[in-house]
Amino acid sequence: MRTAPSGEALPLPPRSVSAPGRALPVRAAIAATTAAAIAAGLAAAAWHLSGEPGGTRLALSLVFGALFGFVLQRSRFCFYCQWRDFLVAGDPRGMLGILAALAAGAAGYAVVLGAWMPDPSGTRLPPDAHIGPVGPALALAGLAFGAGMAVSGSCISAHLYRLGEGSPTAPFALVGTGLGFVLGFVSWNPLYLASLSEAPVPWLPRLLGYGPSLALSLALLAALAWPLLRRLPAPEAPGRRDPLHAVFVARWPVWLGGLAVGALGTLAYLRVGPLGVTAEIGGRSRQAAGALGLLPDRLEGLDTFRGCATAVRDALLTPNGLFVGGLVLAALAAALVAGQFRPALPTRGQVVRGLTGGVLLGWGAMTGLGCSVGTLLSGIMAGAVSGWVFGATMFAGAAATLWLGRRTGLLA
């Protein structure tokens, strides 16, 4: 049995559940029925929410979360896994998928922002965009987040979709993420006073304008893609698959998943807000820590920054909470149909790596005002320099931790 970098068993290649001339196996039929029920439940919940006063944003958050989870699961879109595949196996396809997502999203954001703020040269920043301060604290957050990815085996968004697949590591990584957020709140005030309070918040369209800013972003992405394209393996011979198998069972090409993520990022920002998966985790962690008396009396300046806000949640249903819930449920439905829902009891190593890596993920996400989806993906799409800084340090932290882990035998 093959194993993933986190030590989990990788799913075997699934058999088609729609092969002509054969009756569906009972297990596959049950899985397909359950997946259909989940999809119907998500659609019914979105329909109900849309009819409530002020419920349109909640309904759209649920829908976008479900689409995001489906795309992540089908394309195996994971920042750490793609990076590890390149570093260890020399396979550049996953990293090209990430660059495709950034390019598509940057182009989409430029259109949206240009319509909302025709003149970006003023002092205002676009509404809700993930544009954060740049300084030593952001670099430290990226390094910690990257180390957490390497230790736990995934970024936060990948742990969420793998939770829908029955991953034994993901629950502990997400618990650790919550604990990491609490540690981030505790350490926030010294970092704010030492670095963040006077850190610049550079936004490329303000400095260059929308056209040159987009051109610069695409040029940087092309420069990163060029050496990867030269290392692409020979294309595989196309197999004869029916459309249902290609969509619901076979793994999507990562470039296709990347383009879908970029398109979803643009649509989500247009109708609801930037993509992000940590606002709910951070808000609930802050609420719990405050109730237990673990927080400082005042978190200096935290609520004035953009990014995955960690405000205390009073409402039962929030946009980001519904987004995350839709992500996990849609990933579960997709995994059931593809034959990739394989829950397992965790080993001691998976528990330790999940909790330890999760703490690093949570601290990095809280200090960096978002994770690989919020700060990196949504930030770079919006033209934020903070997204590039977080991304560079995140990948550096993951590479260094993976190298050290493999040298010591602690990581595969």
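The values are calculated or read from the model by the stated rules, or taken from the named source; none is laboratory data. If you're wondering where the values come from, they're calculated on a predicted model, not measured in any experiment. Backbone-built Cβ (ideal geometry, glycine too); neighbour counts: all protein chains shown. Just so you know, the surface numbers come from the protein's heavy atoms only, side chains and all, with ligands and any DNA or RNA stripped out. Shrake-Rupley method; radii C 1.70, N 1.55, O 1.52, S 1.80 Å.
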### Summary
Expected field for residue 128, accessible surface area in Å² at 1.4 Å probe radius, rounded to 10, holds 90 Å²
#### Entry: Residue-by-residue Karplus 3J(HN,Hα) for segment 181-193, coefficients 6.51, -1.76, 1.60, Hz, glycine and proline x
4, 4, 4, x, 4, 5, 8, 5, 4, x, 5, 4, 5
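So if we plug the beta-carbon distance of residue 124 and residue 89 into 1/(1 + (r/R0)^6) with R0 = 56 Å, what FRET efficiency do we get, rounded to 0.05? Could the numbers behind the result be given before it?
Numbers: r = 45 Å, r/R0 = 0.81.
E between residue 124 and residue 89, to the nearest 0.05, is 0.80.
Keeping all protein chains in place, calculate the accessible area per residue for segment 109-233 (probe 1.4 angstrom), answer in Å². Write down the numbers at each step before the final one.
Numbers: 5110 Å² over 125 residues.
Result: 41 Å² per residue.
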### Task
Taking amide H positions as placed in the peptide plane 1.01 Å from N, state which residues far from residue 411 in sequence (5 or more) or on other chains have amide H under 5 Å from it.
406
### Message
Counting just the Cα atoms, what span does segment 219-279 cover along each of its three principal axes? Round to the nearest Å and put the largest first.
### Response
41, 35, 19
### Task
Compare 172, 323, 248 in a GNM of the chain, Cα atoms joined below 10 Å, and give the one with the largest fluctuation.
248
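Leaving ligands, DNA and RNA out of it, rank 388, 252, 203, 226 by accessible area with a 1.4 Å probe, largest first. Mind dumping the intermediate values first?
Numbers: 388 60, 252 40, 203 0, 226 150 Å².
Heavy-atom accessible area, descending, gives 226, 388, 252, 203.
If I stretch the segment between residue 222 and residue 292 completely, what's the gain in nm (0.36 nm per residue apart, minus their alpha carbon distance), one decimal? The partial results should precede the final answer.
Values: separation 70, 0.36 × 70 = 25.20 nm, distance 4.86 nm.
Full extension of this stretch gives 20.3 nm more.
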### Ranking by accessible area, most exposed first, for 410, 62 with a 1.4 Å probe
410, 62
### Task
Kindly provide the pair-distance distribution of segment 312-368 built from C-alpha pairs, with 5 Å bins from 0 and whole-percent values in order of increasing distance.
4, 14, 11, 15, 24, 20, 10, 2
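Give me the extension gain from residue 303 to residue 50: residue separation times 0.36 nm, minus the current Cα-Cα distance, reported in nm with one decimal.
88.2 nm
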### Query
How high is the relative contact order of the chain, in percent, counting Cα pairs under 8 Å that sit 6 or more residues apart?
38 percent
#### Entry: Extension gain (nm, one decimal) between residue 29 and residue 179, 0.36 nm per residue minus Cα-Cα
50.1 nm
### Query
Heavy-atom accessible area per residue, segment 242-342, 1.4 Å probe: how many Å²?
44 Å²
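What's the carbon and sulfur percent of the chain's accessible surface, probe 1.4 angstrom, rounded to a whole number? Don't skip to the answer; put the middle values down first.
Numbers: 12450 of 18420 Å².
It is 68 percent, rounded to a whole number.
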### Query
Quick one: if you stick a label point 7 Å off each Cα along the C-beta vector at residue 236 and residue 37, how many nm between them?
3.3 nm
### Task
Tell me the label-point distance for the pair residue 392, residue 215, using the 7 Å Cα-to-Cβ offset, in nm and rounded to one decimal.
2.2 nm
### Query
Any idea how far the Cα center of segment 398-412 sits from the one of segment 125-144, in Å?
27 Å
### Message
If each DSSP helix of 4+ residues adds -39,500 (n - 2.57) and the sum is divided by the residues in the chain, what number results at 222 nm, nearest 500 deg cm²/dmol?
### Response
-20000 deg cm²/dmol
